[in-house]
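So the structure is just underneath, and the comments pick up after that.
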Amino acid sequence: MCGIIGILGDEEVAPRLLDALKRLEYRGYDSAGMATLEHGRIERRRSPGKIRNLEQLLRAQPLTGVAGIAHTRWATHGAPNERNAHPHKSGPVTLVHNGIIENFRDLRAELQAAGHSFESETDSEVIAAQIASGVQTGLAPGDAVKAAVARMRGAYAIAVLFEGEPDLLVGARRGSPLVAGFSENEAFLGS
Ligand code: GLU
């Protein structure tokens, strides 16, 4: 079983996200990744294999910012490579996902027909594209997530960041565990 973590904080999140991933390591995984939001822009780092590979990548190409999401993946759809590693991105939407979307093929075909392109083989990228499609039609980020997950069959826990929305971290779950935690100035999501 894989893991997700999200922090909407008031200090640098990358070291804390990395620490959280290490604590989830015992569950087993085949790749890991992280995205943070800084000055309204989302940057990602992803790496197949052990978390220490991601750690090395982050040392060479650090991520800054006080909001972020991270993931350890147990591949169900698509090989365990960098392209299929989470976080996945579509337009302004970046997300991590635990679980399986059973109807992702139909949804992907529908989104492709509407002009969305995909860079991975995962079911998870379809959730990102579906949320981005809602945002494109004018839905507020939270409503776009609600509309997207209403179309999904299967199990999911997701944590979502939106470009240009530095104070927002959205979580949703069905069939996969996800908890929300709050401190005075920060909010957390964890599987
Ligand atoms: N089904 C997704 C994938 O293959 C998520 C797997 C997971 O829960 O780590 O990327």
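The values are calculated or read from the model by the stated rules, or taken from the named source; none is laboratory data. All of these numbers come straight from a predicted model, not from anything done at the bench. So basically every Cβ, Gly included, is an ideal-geometry build from the backbone, and we count neighbours across all protein chains shown. Protein only, heavy atoms only, side chains kept; ligands, DNA and RNA dropped before computing areas. Shrake-Rupley method; radii C 1.70, N 1.55, O 1.52, S 1.80 Å.
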Leaving out ligands and nucleic acids, and using a 1.4 Å probe, what accessible area per residue does the chain come to in Å²?
45 Å²
Arg174 long-range amide H proximity, modeled H, under 5 Å:
Tyr156, Ala157
Largest first and to the nearest Å, give the Cα extent of the chain along each principal axis.
40, 34, 30
Pop a pseudo-label 7 angstrom from the Cα along the beta-carbon direction at both Ala180 and His39 and give the gap in nm to one decimal.
3.1 nm
Work out, step by step, the length gained on full extension between Lys22 and Ala150: first 0.36 nm times the residue separation, then minus their alpha carbon distance; give nm to one decimal.
42.9 nm
Which of His86, Thr64, Ser47 sits farthest toward the positive end of the charge dipole of segment 1-156, with +1 on the Cβ of Lys and Arg and -1 on the Cβ of Asp and Glu?
Ser47
Within the chain, longest stretch free of exposed GluC sites (Glu not before Pro) [DSSP loop, at most 11 other beta carbons within 10 Å]:
12-118
Candidates Thr64, Thr122, Thr76, ranked by Gaussian network fluctuation over the chain, Cα under 10 Å, top entry
Thr76
Once you put a point 7 Å from the Cα of Glu82 and another 7 Å from the Cα of Glu119, both along the Cβ direction, what distance in nm separates them?
1.1 nm
